[in-house]
Amino acid sequence: VPIEQIRNFSIIAHIDHGKSTLADRLLEYTGAIKHNSGQHQVLDKLQVEKERGITVKAQSASIVYNYNGKPYILNLIDTPGHVDFSSEVSRSLSVCQGVILLVDANDGVQAQTVANFYLAFGKDLKIIPVLNKIDLKQANPDKVCEQLRTLFDIEPDEVLRISAKHGIGIKEVFEKIIKELPHPEVDRTGPFQALIYDSWFDKYRGALSLIYVNSGSAKIGDSISSCHTKKFYEVKTISVLRPEEENVKKIVAGQIGLVGCNVRNIKEAIIGDTLHLTSTPVSPLPGFTPPKSMVFAGIYPSTLSEYTDLRKAIEKLTLNDSAVSVDMDTSPALGQGWRLGFLGLLHLEVFSQRLQQEYGTEPIITAPSVTYLIKLKSTKETEKKGTNELYINNPINFPQSFNITETYEPMILGTIITPDTYLGAIVQLCQERRGVQVQALNIDNDRIMLQYQLPLCEVVLDFHDSLKSLSSGYCSFDYEDYGYQLSNLVKLNILLNSVPCEELSTIVHVSRAQLVGRQMVLKLKDLIPRQMIHIAIQASVNGKILARENIQPYRKDVTAKLYGGDVTRRMKLLAQQSAGKKKMKMIANISVPRNTFIDFLKK
Ligand code: GDP
Ligand code: MG
C-alpha cells in the first residue's frame, strides 16, 4: 500500500488501564484474531506476563483496516506500563508517529500516565487521548477530562470515551488513528536503511531482529550489513506480525517486520543498530541511548556445576532485555558470578523470574544496591588513572575513609499521584526517606500530584510497596533519574569475633548507620548457627562499634548426650556434618554456612 496508508502508533497508559485489552479489541475488530477465542491479552506472550498480568516486553502487530474503500496498514505496538520498563516504551515510540494515551475513566490520571505523556510529548508525537472503562458504574469521565485539562491542556471535546472490554467506541478509535495520525515520512526509493528496535533469540532461526524500515526496501536473499558490527548477512526470513508471524518476501519503508539472517552469535543483533544493503552503505540512524542501570544485584549459580548454564541463560535473556547491564563479579562467599544492572526492582524480579521460567535456572540473587560516586584525594594512583572519581556499586570497593574527599549518591525525581486523604502519611514517608518536596499540585478537587527529590537507595527496597500499603493501593508512583547529589556515605562493616567480614558490609548514609547496623547484627544472630565457641557479631563504621550481639557457645556435654545413643544415627549425622562443612566458610574460627550468606545477602 502507499505510504499515505500506513500508520505506526503505540498505546501508552498507566498499568492496568487497559492497553493490552484495547490491543486485543483492535486486533479482533480487523479479524486478526477471532472474537471470544478465549485468548486474552494475546500480545502478552511471556509466562511472567500472563502470571503477573503485566506487559513486560513491547509487542508489535500489523493490522489492516479498511476505510473509505482503502486498506490501511496500522502497525500497533503494545507497551509495558510499569516505570521499570520505560526504556521499552521509549524505544517503541521512536518508530511511531503517534500514540493513544489511554486513561482509566475510574482511576483517572496516574503517575505513569504523566510520565508516558511527557515521553510522547517530548518526541513530538501526535497524542490521541482516550478514556477507557466507561462501562464501569464508578467511572467519572468528566472528572478525568478535568485532570487531563489541568495537567496537559487537553480539551474535553478531544477525548474519546470507550470500553475496551465491551468493544464500545472502537470504530471511533480507528477513525481517529487514520484521520489524525500522520503517516511515516519515508523514502521508498532510497537505499535500504532500517533500525533494529527489538531482537530475540529463536532456537531454529537464530537471532531475530524486529526492524523499522526508514528508507528503501529489502528482500529475501539480499546481503545486508550492520553499521555497528560491519559484518554482512544474507536475509533468510522476513515476516510481519499479524500478530502471528506471516512470511513475506520483501519489506519496504514505513513498515515493521521481523528479519532473520541465521545469526548464531546473539551479540550481533544489537538493539539500536542500523541495517543497510551491503552494496549501499548508509549513515547510522540515531540509535537509543542505552538505558542507565539504576539498581544492581549480584547473581551467582546455586552450585558450581550450574555456572555454564547460568551464563548461557543470562546471555540469551539480555539479548531480549537489553536494559540489563552485565559485569563479571566474584564473591569470596558465593564464588564466580555476575553483577547485573537493572532499571528498577520490578525489572530485577521479572528478570530473575524469566531466568527461572524460560531457562530453568535458579540462581542466588543478592539484595539490590545502587551506584555511588566517590571523590578521592589526589594521590599518585589517582594521577595515574587520570581521575579522582570512583563509581562503585559493590561495598567491597569502598575506599578507606582517609582517601575520600566527598561522597555522592544517585537521586531520583519521584512523581506521586494520590487522593488527598493520604497526603499526610505520604509526606511523612518521603521525609523519613530523606526526600525533599519539589512540587505539589491539585489536579482536581480531591487528588494531588506531588513531586519529590529522593535518594535512589531509599526508593529501591520497599518505597513503592510502602506507598501502596499506606494508601490502600490508591496512590501511584513513577520516577526519573535526577543525577548525583553530595551526600555523607560511610561503609558499615560487620565483624565476627573482631574479624571484618567483607561480603557482609554495606554502604549507608551516615544518619542510617546506627539503625541499619542494629538490624544487621540481629539478623545475623538469627542466621548463624550456634557453635562450640562464643561468637560476637558487631557492626562498625570507621572503627567505631555501633551495635553488638552475642551467640553463646554450646556446652560440650549437650552434643555428647544428644548423639550418644544410636550408632547408625550418629554416623549419619557425622556424614551430614562433614558434607555441610565443605560448604562452610571459616571466619575467625567460626564456620559460617554458605546458606547464611545467601539468606543474608538476599533481600
Ligand atoms: P494494561 O496493563 O494496560 O495492559 O491493562 P490490561 O489490558 O491488562 O487490563 C487491565 C484490567 O482492566 C483487566 O482486568 C481488563 O479486563 C480490565 N479492563 C480493560 N478494559 C476494560 C474496560 O473497558 N472495562 C472494564 N470494566 N474493564 C476493563
Ligand atoms: Mg498490558
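Number of residues in region 409-428 that are over 21 Å from Gly108 (Cβ atoms), in contact with a helix residue (DSSP H, G or I) (Cβ under 7 Å, 6 or more places away or on another chain) and of a type in the set (A, V, I, L, M): the value is 2.
Using the structure shown, decide if Val326 is hydrophobic (A, V, I, L, M, F, W, C) and part of a loop (DSSP other than H, G, I, E, B).
Numbers: hydrophobic (A, V, I, L, M, F, W, C): yes; part of a loop (DSSP other than H, G, I, E, B): no.
No; evaluated as a whole, the condition is false for this residue.
Quick check on region 348-364: of everything there that is open to solvent by less than 20 Å² (accessible area, probe 1.4 Å) and in contact with a helix residue (DSSP H, G or I) (Cβ under 8 Å, 6 or more places away or on another chain), which residue is farthest from Tyr307 (Cα to Cα)? By that ranking, first place goes to Val350.
Restricting to region 475-515, name every residue that is free of Cβ contacts under 8 Å to residues at least 60 places away in the same chain, closer than 23 Å to Gln453 by Cβ and not in a strand (DSSP E or B). Scanning region 475-515 gives Cys475, Val510, Arg512, Ala513, Leu515.
Residues satisfying the criterion are absent from region 370-379 (criterion: surrounded by 14 or more Cβ atoms within 10 Å (Cβ to Cβ) and free of Cβ contacts under 8 Å to residues at least 24 places away in the same chain). Regarding region 499-508, can at least one residue be identified that is closer than 30 Å to Val541 by Cα, open to solvent by 50 Å² or more (accessible area, probe 1.4 Å) and in contact with a strand residue (DSSP E or B) (Cβ under 8 Å, 6 or more places away or on another chain)? Yes, because at least one residue in region 499-508 is closer than 30 Å to Val541 by Cα, open to solvent by 50 Å² or more (accessible area, probe 1.4 Å) and in contact with a strand residue (DSSP E or B) (Cβ under 8 Å, 6 or more places away or on another chain). A single member of Ser199, Ser223 is at pLDDT 90 or above and hydroxyl-bearing (Ser, Thr, Tyr), and it is Ser223.
Counting only residues that are without any contact (Cβ under 8 Å) to a residue 12 or more places away in the chain and open to solvent by less than 40 Å² (accessible area, probe 1.4 Å), region 428-460 holds 0 of them. Is it the case that region 76-90 has a residue that's of a type in the set (S, T, N, Q), at pLDDT 80 or above, within 26 Å of Val213 (Cα to Cα) and away from ligand 1 (no atom under 11 Å from the Cβ)? No, the conditions are met nowhere in region 76-90. Just checking, does region 178-193 include any residue being within 16 Å of ligand 2 (Cβ to nearest atom) and either crowded, with 19+ Cβ neighbours inside 10 Å or not in a strand (DSSP E or B) (or both)? Scanning region 178-193, I find no residue that is within 16 Å of ligand 2 (Cβ to nearest atom) and either crowded, with 19+ Cβ neighbours inside 10 Å or not in a strand (DSSP E or B) (or both), so the answer is no. Listed conditions (1) touching a residue at least 24 places away in the same chain (Cβ under 8 Å); (2) open to solvent by 30 Å² or more (accessible area, probe 1.4 Å) are all met by Ile224, apart from (2).
The values are calculated or read from the model by the stated rules, or taken from the named source; none is laboratory data. Only a predicted model underlies this, so the values are computations on that prediction, with no experimental measurement involved. Using ideal geometry, Cβ is built from the backbone for each residue, glycine included, and neighbour counts are taken over all protein chains shown. Ligands, DNA and RNA are excluded from the accessible area calculation, which covers all protein heavy atoms including side chains. Shrake-Rupley method; radii C 1.70, N 1.55, O 1.52, S 1.80 Å.
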